[in-house]
Amino acid sequence: MKRLSVQIYLTIVGSLLLVVLLGSTASRILPDGGGPGQAFRLVSENILPALPSAGADAGLQQAAIDRLQRIYQIDLALYDRQRREIASAGDPMPVLRPPDRTGSRLRGGGFPSWVVGLPDGRWIVVRNATDGWHPALNLVAFLGAIAVAVAIGAYPIVRRLTRRIERLQAGVEMLGEGDLTARVKVEGRDEIGRLAQSFNQSAERIEELVAAHRLLLANVSHELRTPLSRIRIGVEFLKRQADPQRQAALETDITELDRLIDQILLSSRLDALDDEIPRE
């Protein structure tokens, strides 16, 4: 039997798993400015072979940086051994200072910039500026996607639970308004399903009690009507003439009527004290 608490717990766990899945997916497809490993591979495999030697003319080095920037759509800045800028292309880069080493991350200008030391002593700073996205927008988009996914995934389960509660409430209101035939559909095997089943059983018991009460009133009225009719007839005869035999019959009818009333009162008292009377 699946409890309501288990359903809610599974909803939370499923939402968390969905968050993890979206997080791993977003980390691969959303632009994040790259990392030091990506920068090292880019420089060693693509940029370094295309750069002129350290002793080449500054204009030649600038032309190479411009060409690489157009090919890979990244921001580049080339520095000499003393960390003085030789050439740059793209948006302005953060200043390279002496404490910065290979693998350092320079902040500023949107996406992070990564410092890579070249074998000839020069320095190159790489920044991936894909489509102009700012890193903060990645986090906002990621959290927004999580919120939407959790909201979409949780709504059907929550609405299913509340819809069952609403139907149960409607059944209770119908019974309270006097419709003793009101019943609710038993859905599920959790607490709400058992509550609906208990409501149906209670409503059925109430309907049976009311029907029994109506039957009792009908029987009582029939049982009382017979001796009352005999008494009424006997009283009419006594008005005409005194008859000891008829007087005795009247006393018998009165005794029978009194006995019936005592039985009705005793039955009512037993019903009222049913829980307090020990049974044998």
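No lab work stands behind these numbers, since they all come straight from the coordinates. Please read all numbers here as calculations on a predicted model, not as lab measurements. Neighbour counts are summed over all protein chains in view; Cβ atoms, including those assigned to glycine, are modelled from backbone coordinates with ideal geometry.
Would you grab the residues whose amide H sits under 5 Å from the one on Trp123? Only those 5+ places off in sequence or on another chain, please, with H modelled 1.01 Å from N. Excluding prolines and chain starts, which carry no amide H, the hits are Tyr79, Asp80, Leu118.
Under a 5 Å amide H cut-off, with hydrogens placed 1.01 Å from N, Leu106 pairs with Ser113, Trp114, Val115 among residues at least 5 apart or on other chains.
Entry note, the stretch 137-231: relative contact order of 18 percent, from Cα contacts under 8 Å with a spacing of 6+ residues.
Other residues whose C-beta falls under 15 angstrom from the C-beta of Ala182 contribute a net charge of -3, scoring Lys and Arg +1 and Asp and Glu -1.
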